[in-house]
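Here the structure comes first, spelled out in structure tokens, and everything after it is commentary.
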């Protein structure tokens, strides 16, 4: 898809009231993830985000990590089949440590190697989980 279609799809979600956002196969790269993140920061209803098969790299993962870190609503994030590497996994792992709402993070089909996998495993072990 073209960037124009992706931007149009993202902007439709500013006032979105459903709890699930699917933007799969849009070919979105890191720049469009920044736009998506700014829109999602203003929308507190979305609990599930699916961004399968886009072009999200480490910088996009960093942007999404900031969103995860601050989110009180997000339950699941599906980032399968993107271009996230070890550095992106590190950003996501750092965000997971203190986030108590995200229960599902799908990363299959990315470029995460052994060190990125270790970051994520360690983050899972050290997560702060709210009893409520």
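The values are calculated or read from the model by the stated rules, or taken from the named source; none is laboratory data. Values in this document were obtained by computation on a predicted structure and should not be read as measured data. All Cβ positions, even for glycine, are placed from backbone atoms using ideal geometry, and neighbour counts span all protein chains on display.
Some points to look at:
- Residue check, residue 77 within 21 Å of residue 42 (Cα to Cα) and at pLDDT 95 or above: yes
- Number of residues in the stretch 92-132 that are touching a strand residue (DSSP E or B) at 6+ places or on another chain (Cβ under 7 Å) and in a loop (DSSP other than H, G, I, E, B): the value is 2.
- The single residue among 64, 51, 36 that is under 11 Å from the mean Cα position of the chain (by Cα), touching a residue at least 24 places away in the same chain (Cβ under 8 Å), buried (at least 16 other Cβ atoms within 10 Å of the Cβ) and closer than 16 Å to residue 95 by Cα turns out to be 64.
- Residue list for the stretch 67-101, filter: in contact with a helix residue (DSSP H, G or I) (Cβ under 6 Å, 6 or more places away or on another chain), within 10 Å of residue 123 (Cα to Cα) and surrounded by fewer than 19 Cβ atoms within 10 Å (Cβ to Cβ): 97
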